[in-house]
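The values are calculated or read from the model by the stated rules, or taken from the named source; none is laboratory data. The structure presented is a predicted model; accordingly, all values stated were derived computationally and were not measured. Cβ atoms come from the backbone with ideal geometry, glycine included; neighbour counts cover every protein chain shown.
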Amino acid sequence: MTPPATPPRAIHGTMIGIIVLDTGFRRLPGDIAHADTWPFPVQFKVVRGVRPADVIEGDPRHSLKAFRTAIDELVTLGCTAITTSCGFLAAVQDELVRHSPVPFLSSALLQIPMVQRILPAGKKPGLIVSDPQALSERHFHGVGATAGLPMAALPMNGVLLSNMREHATEVDAAAQEAEVISTVAELLADHENVGALVFECANLPPYSAAVSRHFGLPVYDIVTLVHWIHLSLVPPDYPR
């Protein structure tokens, strides 16, 4: 089968496009919008004027035009899959995947159905989220999951979310890590049947390794999702 013709473009190679909300806080390696997170080429596109509050507390459907434009620009550059910097964009997965001509992964929450299917009997995925009050049935529907899973929230006035809201340019990584570990500990204390963790927030992967070591559980986040799609786009070529 002849592969489809590639339209002329200025940039070549397999690249993951990352749509980033308009923020100013310090991002650490492991964060979706830190370039050192990725061992393969990525292209960032900031949607100016669309802030986290617009898609978490507000209705992300009001920003669909900006996201569609970002998708178009990333595809024109040559991106072969696209993701985003906010897990709450799960609410518009359906709208944006219909627009995108390449695979579109709105949120780490897309991994929930798979994790549910692979865990041992009696075990469930536990969610760590930034704002449980804003997480609705629409978000779960967008990723093909159902609500009602064990869940814990980062403290609203804790160090991590405060740094994000206040656009902190310097952060205490150790304090943020301790806060994430404490949040997971609360989840596991309340739900002994949690067999894996899914991090909704795309700013949590810097702490995934520490959490996995501390609790001995698999952790699924936006980085695991993007590595998965990249591996499908560039499969290893094994010697014969």
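Structural remarks
- For segment 151-161, the condition of being farther than 21 Å from PHE25 by Cβ and hydrophobic (A, V, I, L, M, F, W, C) holds for at least one residue.
- Condition check for HIS62: touching a Lys or Arg at 6+ places or on another chain (Cβ under 7 Å) and not hydrophobic (A, V, I, L, M, F, W, C): no
- Sole residue being basic (Lys, Arg) and in contact (Cβ under 8 Å) with a residue 12 or more places away in the chain, chosen from ARG138, ARG98: ARG138
- Which listed residue is surrounded by fewer than 19 Cβ atoms within 10 Å (Cβ to Cβ), in contact (Cβ under 8 Å) with a residue 24 or more places away in the chain, closer than 30 Å to GLN176 by Cβ and not assigned by TED's automatic domain parsing to the domain that holds GLU170, from GLY87, GLY49, GLY58: GLY49
- Look at (1) outside any strand (DSSP E or B); (2) modelled with pLDDT of 95 or more and you find that VAL55 fails only one, number (2).
- Residue match in segment 137-155 (condition: exposed (fewer than 14 other Cβ atoms within 10 Å of the Cβ), on the phi < 0 side of the Ramachandran plot and either part of a strand (DSSP E or B) or of a type in the set (Asp, Glu) (or both)): yes
- Some residue of segment 163-178 being part of a loop (DSSP other than H, G, I, E, B) and closer than 13 Å to ALA90 by Cβ: no
Here is a yes/no grid of residues against (1) modelled with pLDDT of 95 or more; (2) aromatic (Phe, Trp, Tyr); (3) more than 15 Å from the chain's Cα centre (by Cα); (4) in the same structural domain as ALA210 (by TED's automatic domain parsing):
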| position | (1), (2), (3), (4) |
| --- | --- |
| ILE112 | yes, no, no, yes |
| PRO120 | yes, no, yes, yes |
| GLN133 | no, no, yes, yes |
| GLU137 | no, no, yes, yes |
| GLY142 | no, no, no, yes |
| PRO150 | yes, no, yes, yes |
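- Checked against the criterion of being over 24 Å from PHE199 (Cβ atoms) and basic (Lys, Arg), the candidates LYS45, LYS65 yield just one match: LYS65.
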